[in-house]
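Below is one structure, written out as structure tokens; the observations come after it.
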Amino acid sequence: MEKRSNIIAYFAEPAQYTLDLIKNVHDKIGVEYRFLKSNSIASKEIHNAIRTKSFSSQIRLLHKDFRNFDIIIFNGFYKRELWFFILLNLFSKNKAQIGLESDTLLNIPKHFFKRFLKKLILSFLFKRDFIYGLPGGFGTHTNLFKYYGMSDDKIVTFPMVIDNSKFQKKEHNSNFTFLFVGRFIELKNINLILQSFLKLPQEKMQFNLVGEGELFDELSARYNKPNILFLGKQYGDDLVNAYKNADCLILASKSDQWGLVVNEAMASGLPVISSKFVGANYDLIENKETGLIFDPEKEDDLTKKMLEMYQDKVQYEQFSNNAYNLMHNYWNYDLYRKQLLSVVEKMKNA
């Protein structure tokens, strides 16, 4: 059967980020899509998904998509559905072009066996003629594909973007308000954030924390103070207002592949103080004058950066305007669409 010149994207789950992306990009240019799982902790919506079907139905559906679509965009490297497509490609004369979309940073395992196995799998995958790398950023996120053997001409960035139109420019608040948004887990380093905050002069300063998780009860009890507010999990307009009523986002993660809260904050005109281990830094903060980067392993570095953000009013206003403009004028769905069409053109000419 002759293939149609069509594109299909496979997503792990219907997270809100993905649903917004589909609405603003895929639907508008005719890209079909499927979900592997039917729900997500990052969204309340339930969708039809491949893995809700019987195994035989899954195989039939995947094979049908392979026959009907020239281009398959897949999120991640290790899902069984992807490897089924790889297997079909290896034994098929009429191959599909496959793009691997990923926000993963390069991380070389310390353990020999894990390091060997990861190199074996990814090197095999990335050196196939029909495979393209679609990293979430233009800088450090490309290193993973390059390290395991993919050539530069096969790498096209698919930027990690959000629906910037959902977020409103911050208001001027009577108290300078720092904000954390995320899961209450050890990896997010919330204890460091609040310890650093309490070293600052407390008059006319506030800290709001949005989210939930295993450390919520412990931290809310330990830091039970009038100017530290634990707001719980927020969705929709409540989340928009949490950004709108704040002045600066703090993200102190010990490791973060990207950090979409950086996008959300900047789309609201909030400067960001970000840990050096956050993946979004290269594209959204470094040399952009939109915020400050700190070293969470360096004593009092976060406190110093928070104090600088609070005291230097001229720099703060510059950061705020730059952050808002970067998101609304550049790092948005137009850029994603441009990159998607670019790689489609490459694949069609392969």
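The values are calculated or read from the model by the stated rules, or taken from the named source; none is laboratory data. Small disclaimer: the values here were computed from a predicted structure and weren't measured. All Cβ positions, glycine included, derive from the backbone under ideal geometry; neighbour counts span all protein chains shown.
Numerical summary
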item	result
Close pairs (8 angstrom Cβ cut-off, 6 or more residues apart or separate chains): farther than 10 Å from residue 14 by Cα in the range 45-57, modelled with pLDDT of 80 or more and in a loop (DSSP other than H, G, I, E, B) anywhere	50/36; 51/36; 51/37; 51/38; 52/38
In the range 184-226, the residues that are of a type in the set (S, T, N, Q) and assigned to a helix (DSSP H, G or I)	191, 195, 196, 220
Which numbered condition residue 300 fails, given (1) closer than 21 Å to residue 187 by Cα; (2) in contact with a strand residue (DSSP E or B) (Cβ under 8 Å, 6 or more places away or on another chain); (3) touching a residue at least 60 places away in the same chain (Cβ under 8 Å)	(2)
Lone qualifier among 21, 105, 82 - being in contact (Cβ under 8 Å) with a residue 12 or more places away in the chain and in a loop (DSSP other than H, G, I, E, B)	105
Which numbered condition residue 28 fails, given (1) surrounded by fewer than 18 Cβ atoms within 10 Å (Cβ to Cβ); (2) in a loop (DSSP other than H, G, I, E, B)	(2)
Checklist (1) under 21 Å from residue 136 (Cβ atoms); (2) surrounded by 14 or more Cβ atoms within 10 Å (Cβ to Cβ) applied to residue 255, failing item	(2)
From 103, 129, 152, residue being over 29 Å from residue 332 (Cβ atoms) and either among the charged types (D, E, K, R) or assigned by TED's automatic domain parsing to the domain that holds residue 318 (or both)	129
